[in-house]
Amino acid sequence: MCELTQKQKHFFAEEGYLVVENLLTKKEITYYSDLYNSFLNNEIDASKFRSDLSGSNDTKEKITQIMVPSKLVPELLEKSLHQKSLAMAKALMGDDIELDFDMLINKAPYTDTITPWHQDAAYWIDMPDKRAASCWVAIDPAYKENGCMWYTPKSHQNPVLPHVQTGNKGALKCEGGEENSVFVELSPGSCVFHQGGTLHYSRGNSTADNRRAFITNFRPKAMIEMERMQGVDHTGEREVKA
C-alpha cells in the first residue's frame, strides 16, 4: 500500500493536486489494460453507461466515457486500484471518505479533441461538506501530445467559477489557461489526485496512442448518502430505446 508523507498531504491541501508514482505494479497494469480493452471493444456491454464526451456525431468515438465500470465488474472494488486509491483518499481527506463512483475515459488516437477547462464541483449539488477528490490513473503513458492532465494550482481555494454548457451531452466549461497551469505527464500505473474545486483540462490526442485513464472519485460517506437521497448517483445510465 502506498504511504503518503506529511509533505504530500500538505501539497495536496495547498496546491489542489498530487502526483503519486507507481500506484500499480506491472502485473496489475496488464490486468487493468486487458479489462479496459474489453470495455472499449464491447466484450463487456457497457452501453447503458457509455457516451462520447466530445458530443460528436461521428461513428468513431473521440472521448469515450464509461461510467461505473465496477457496477458491471464488481470484482474491481476489491482490486488494487480501488483499494489503494481509497486508502490514499482517506489519508488525504479523512477516514469518513468513501468511493462515490468510478469511470473510464479514453481519448482515441488522432482525434485531437480537448476536454475544456472546468471544475468538477460545478457538476454537483451544493453540499455542506465539500471535501472531494478524484484519482486519475494512467493506463497508457500520458503526455502533452496525447492529452495528459493540466491543473491550475491553488484554484480550489477560490469560489467555483461560472460555468456554461458546451453543448456536448451536458458538459460544462469555464475560463482557464495553460499559462497559469502545470501539466502532469504520467507513466502507466501512476496517478494524480485532484480536489473537486481544482481547475483542470486536457489537450486533444494528436498521436497514434490511446490515452486511457481509470478514475475513482471520493467524498464523505454522509455526502454520498445525501446525494443518493436526492437522486444523484453519477451513473450516466440512459434509457435505451429500440
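The values are calculated or read from the model by the stated rules, or taken from the named source; none is laboratory data. It should be emphasised that the depicted structure is a prediction, and the values quoted were computed from it without experimental measurement. Cβ atoms come from the backbone with ideal geometry, glycine included; neighbour counts cover every protein chain shown. These accessible areas exclude ligands, DNA and RNA; they are computed on the full protein's heavy atoms, side chains included. Shrake-Rupley method; radii C 1.70, N 1.55, O 1.52, S 1.80 Å.
Could you go through the range 135-144 and let me know if any residue there is buried (at least 16 other Cβ atoms within 10 Å of the Cβ) and farther than 26 Å from residue 29 by Cα. Within the range 135-144, not a single residue is buried (at least 16 other Cβ atoms within 10 Å of the Cβ) and farther than 26 Å from residue 29 by Cα.
Please work out which residue is least open to solvent (accessible area, probe 1.4 Å), limiting yourself to the range 64-75 and to residues that are of a type outside the set (D, E, K, R) and part of a helix (DSSP H, G or I).
As a first pass, look at the range 64-75 and keep what is of a type outside the set (D, E, K, R): 64-70, 72-74.
From what is left, the residues that are part of a helix (DSSP H, G or I) are 69-70, 72, 74.
On the way: 69: 0, 70: 17, 72: 60, 74: 82 Å².
Among residues in the range 64-75 that are of a type outside the set (D, E, K, R) and part of a helix (DSSP H, G or I), the one least open to solvent (accessible area, probe 1.4 Å) is 69.
Residue 57 passes every criterion in (1) open to solvent by 30 Å² or more (accessible area, probe 1.4 Å); (2) among the polar types (S, T, N, Q); (3) modelled with pLDDT of 95 or more apart from (3). On the stretch given as the range 112-127, residues that are over 26 Å from residue 144 (Cα atoms) and touching a residue at least 60 places away in the same chain (Cβ under 8 Å) total 3. From the set of residues in the range 178-212 that are among the charged types (D, E, K, R) and touching a Gly at 6+ places or on another chain (Cβ under 8 Å), which is nearest to residue 28 (Cα to Cα)? Going through the qualifying residues, I end up with 211.
Against the numbered list (1) surrounded by fewer than 21 Cβ atoms within 10 Å (Cβ to Cβ); (2) touching a residue at least 60 places away in the same chain (Cβ under 8 Å), residue 7 comes up short only at (2). The residues on offer are 222, 132, and the sole one that is open to solvent by less than 10 Å² (accessible area, probe 1.4 Å) and either of a type in the set (D, E, K, R) or under 21 Å from residue 100 (Cβ atoms) (or both) is 132.
If the condition is being at pLDDT below 95 and of a type in the set (Ser, Thr, Tyr), then the range 185-242 contributes only 235. Comparison of 222, 213 shows that the only residue that is aliphatic (A, V, I, L, M) and part of a strand (DSSP E or B) is 213. Among the residues of the range 76-89, those that are in a helix (DSSP H, G or I) and either open to solvent by 50 Å² or more (accessible area, probe 1.4 Å) or at pLDDT below 95 (or both) comprise 77, 78, 83. Residues in the range 91-111 that are in contact (Cβ under 8 Å) with a residue 60 or more places away in the chain and either over 28 Å from residue 203 (Cβ atoms) or surrounded by fewer than 17 Cβ atoms within 10 Å (Cβ to Cβ) (or both): 91, 93, 94, 96, 97, 98, 99, 109, 110.
So how many residues does the range 117-140 have that are touching a Cys at 6+ places or on another chain (Cβ under 9 Å) and either at pLDDT 95 or above or assigned to a loop (DSSP other than H, G, I, E, B) (or both)? Lay out the reasoning, then the answer.
So the first thing to find is which residues in the range 117-140 are touching a Cys at 6+ places or on another chain (Cβ under 9 Å), and the list is 117-119, 122, 135-138.
Right, trim to either at pLDDT 95 or above or assigned to a loop (DSSP other than H, G, I, E, B) (or both) and you get 117-119, 135-138.
Looking only at that region, the number is 7.
Looking at the range 162-181, which of its residues are over 28 Å from residue 109 (Cβ atoms), open to solvent by 70 Å² or more (accessible area, probe 1.4 Å), out of contact with any Pro (no Cβ under 9 Å at 6 or more places or on another chain) and part of a loop (DSSP other than H, G, I, E, B)? The one that is over 28 Å from residue 109 (Cβ atoms), open to solvent by 70 Å² or more (accessible area, probe 1.4 Å), out of contact with any Pro (no Cβ under 9 Å at 6 or more places or on another chain) and part of a loop (DSSP other than H, G, I, E, B): 162. Test residue 22 against the criterion of being open to solvent by 50 Å² or more (accessible area, probe 1.4 Å), within 20 Å of the chain's Cα centre (by Cα) and under 16 Å from residue 142 (Cα atoms), and give yes or no. Against the criterion (open to solvent by 50 Å² or more (accessible area, probe 1.4 Å), within 20 Å of the chain's Cα centre (by Cα) and under 16 Å from residue 142 (Cα atoms)), residue 22 qualifies.
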